[in-house]
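Take a look at the structure set out below.
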Amino acid sequence: MADLESQRSLSGLWVLGNNQLVDEWKRQGEHLFSRDPDPSRMTQRSAEFHKLLLKIKGVPSTPDRSQLELAVRFNACVFSVAQAQTERAQSLLTDGLQRALGVAGGTGGSSSEVCSLWSSALRALADGPLLLATLRLLCLQWAVWLSSNRLTHIQELRGELSSLSDRLSALEEEEERKRSLSPSDREPPRLVADPLRLTELLDVCTVVARGAEWLSNGRPSDALSELQRAFSLPAPRDLLAHAHVLSGRCLADTGRPQMALLCFMKAMETDPHCVAALHRSTEVYRQLGNATALVEGLRLLNTALRLPPPAAPNMAAEVSPLNASLLLSSPALGSLLAVPSAPSVQRRLALSCVLHGRVAEGVEHYLDLLAALQSDPQHAVAPGPVQASPRGVELYLEAAAALLLAGRGPDCWALCDEVLSATLDLLPQRLILGDPSEDQDQDPDQDQDQDPDQDQEQDQDQEPLDVVLWAGSAHLLQAHCQAALEDWKQAVTCYTRCINLTGKVCFKTQGTQPPPGDLSGRPGSRLRSLRRLKGLSLAGRGVSFTQRDQLREALRDLQLSALVSPGGVSAGLWLGEVLWRLDRRREAASCWERSLAAESPAETLPLYLQEPRSSPSLDPSVLRSRVQSLTQT
């Protein structure tokens, strides 16, 4: 009898100890659940619950004491899940189920068959006093599976989990009714998280995770149907915004861009801080070709990414260590909701402004990016940007091309000089490449408005070719600067430097250098960029020779340009002009007809490898008149 009283006294102390830990946790919750919680406090609280659990396990189990043990086990497990200690949490749950079954006189499966063990436990404890405590642990099992992205396990127990909220609610009400009918001085053990609220969160998180998984697996229609469930469930605003974003992605993937935009708008209305919705809307605007909306969307996204993160809501009254960001660990969801960095978005904004006629605005964004690159200690490497990163030097070249378009030739020249000084010691004397068909390309769906920082990893043996491309592009832009000033002699010199650089690259093939091939291949190819660079420099030098009346040299360069890089409209028109001046008028007319009928090339090229707008141009109407007059004679 004395032993029984002693054990009751111990149980009372343990309940008191558990409740004190819970109260302390909730008092600290407002500080612990700031945006950057103190992990040491969570670790300390977790250790205290585990220590209490060990004490309780040291005394023989009874139904009453098992309820206390399962409550303390629930609290200890919550902290294990919150600290991403999945194996430890699973061990706590499995051990708890087996001990509960032992008290109830049942048996379950082995610890390796978790779903079987749960099915056995729920059947054995269905009518017993431990059912409520067991269902609370089932909430945590759901959280463990969700946080470790084991959606198949959740599917196996979908029947039990779908009714979990209703069963918990009914049992909680019954428990409250019993306590009101039989008041007791002993308090029940408290919990650090409300199982009912946790179940609601788990339900909507599972819907979002499953929708993301199906969308990533190419099942957008199924994913859309699943995601519609989220809007009928109680859920935090940020989770509902995620569901709207994913629904928009489903609609975009099934060819309904306008409806996708409506979903992204709903996401931003639901959660103004949902930058993923802004990002995805810019992708749809790009696909629709809506340049104005694209630029405006990128500007808003750039601004949003540079704002400080929103303050965490005050959750002191309902604090829980488990939140949606912890439970949603799906790689598919992370990928679908990923947002580029602020500098990357600003670079896209700058490029889009330039491509769509807002050159002055684009130049300002490029200059801001260059200033940030130079001030960032990680990139402050002299001399020049090349040693910092490939993205850095390409940014310099893009900015130089934008400055040239804005009529700021001296500034363009200065940036190109920085690239040349940085690449001077890195240029190879000669570069021998293998089969050009092995050159790896980017996704064929990429275009000018895509994030230019999303480059693939570069192999070391490809880096010398990059350096040749960078230095050659810098010479090409400087040649364009001279052409804009109509200094044709100096332009010829700069174009020749670019041509000589491209001549450093040789191909290891069974015979001579491989044929140039067409430019309809996938964008992003370094060899394709090399051909484009050589074609532009030959065409530019040909035009410069034409302006100096060196027609034989101009004809040679323009014909070589057409051979190396077919499809250049401007080069074709100037080739016809040279043929006309050489009194080869039938050939000239044929050349003009082909060039005037040609469509703009569909391939994607860097800004600095596009035909210069500052070059002298030929009036198409005059050329058509010449062709017409020739055919009438």
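No lab work stands behind these numbers, since they all come straight from the coordinates. Since this is a predicted model, take the numbers as computed values, not measurements. Reconstructed Cβ throughout: ideal geometry from the backbone, glycine too, with neighbour counts over all protein chains shown.
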Worksheet item: Between Arg190 and Ala598, what length in nm is gained on full extension when 0.36 nm per residue of separation is reduced by their alpha carbon distance?
Response: 139.2 nm
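Would you mind getting the Kirkwood hydrodynamic radius of the stretch 2-180 from its Cα pairs, rounded to one decimal in Å? Don't skip to the answer; put the middle values down first.
Values: mean 1/r = 0.0581 Å⁻¹.
Evaluated on the stretch 2-180, it is 17.2 Å.
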Worksheet item: Simple spin-label model, 7 Å along Cα-to-Cβ: Gln83 to Glu174 in nm?
Response: 3.5
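Sort Met268, Met259 so that the residue with the fewest other Cβ atoms within 10 Å of its own Cβ comes first and the one with the most comes last. Don't jump to the answer; show the numbers that get you there.
Numbers: Met268 20, Met259 14.
The fewest-first ordering by Cβ neighbours comes to Met259, Met268.
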Fill in: R0 of 30 Å, Cβ-Cβ distance Asp23-Glu269: FRET efficiency to nearest 0.05
0.20
Worksheet item: What is the local net charge at Ala554, summed over the other residues whose Cβ is closer than 12 Å to its Cβ (Lys, Arg +1; Asp, Glu -1)?
Response: +1
Worksheet item: What nm distance separates the two modelled labels at Ser325 and Ser625, each placed 7 Å from Cα along Cα→Cβ?
Response: 6.7
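What does the charge dipole of the stretch 2-180 about its Cα centre add up to, to the nearest 20 debye, if the Cβ of each Lys and Arg holds +1 and the Cβ of each Asp and Glu holds -1?
240
Using 0.36 nm per residue of separation minus the Cα-Cα distance, give me the extension gain between Gln287 and Lys51 in nm, one decimal.
79.2 nm
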Discussion item. Cut-off is 10 Å between beta-carbons; in what order do Asp619, Asp368 appear when sorted fewest neighbours first?
Written reply: Asp619, Asp368
Worksheet entry | Pairwise label distance in nanometres, Arg556 with Leu13, each label 7 Å out on the Cα-Cβ vector | 10.2
Practice prompt. Report the local net charge at Glu69: Lys and Arg +1, Asp and Glu -1, summed over other residues whose C-beta lies under 11 Å from its C-beta.
Written response: +3
Item to complete: Give me the lysines in straight-line cross-link reach of Lys51: C-alpha distance below 24 Å, same-chain residues under 8 apart excluded.
Response: Lys26
Response to the item:
Any residue on another chain or 5+ positions along whose placed amide H is under 5 Å from the amide H of Leu433 is listed here as Cys506, Phe507, Lys508
Worksheet entry | Additional length obtainable on full extension of the chain from Thr254 to Arg306, 0.36 nm per residue less Cα span | 15.5 nm
Practice prompt. Bin all alpha-carbon pair distances of the stretch 202-308 at 5 Å intervals from 0 and give each bin's fraction as a whole percent.
Written response: 2, 15, 23, 23, 19, 11, 6, 1, 0
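For the residues Lys266, Lys504, Lys178, what sequence is obtained by ranking on other C-beta atoms within 10 Å, fewest first?
On the way: Lys266 20, Lys504 17, Lys178 10.
If I rank by nearby Cβ atoms, fewest first, I get Lys178, Lys504, Lys266.
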Fill in: Nearest-20 debye value, the stretch 202-308 charge dipole, Cβ charges on Lys, Arg, Asp, Glu
200
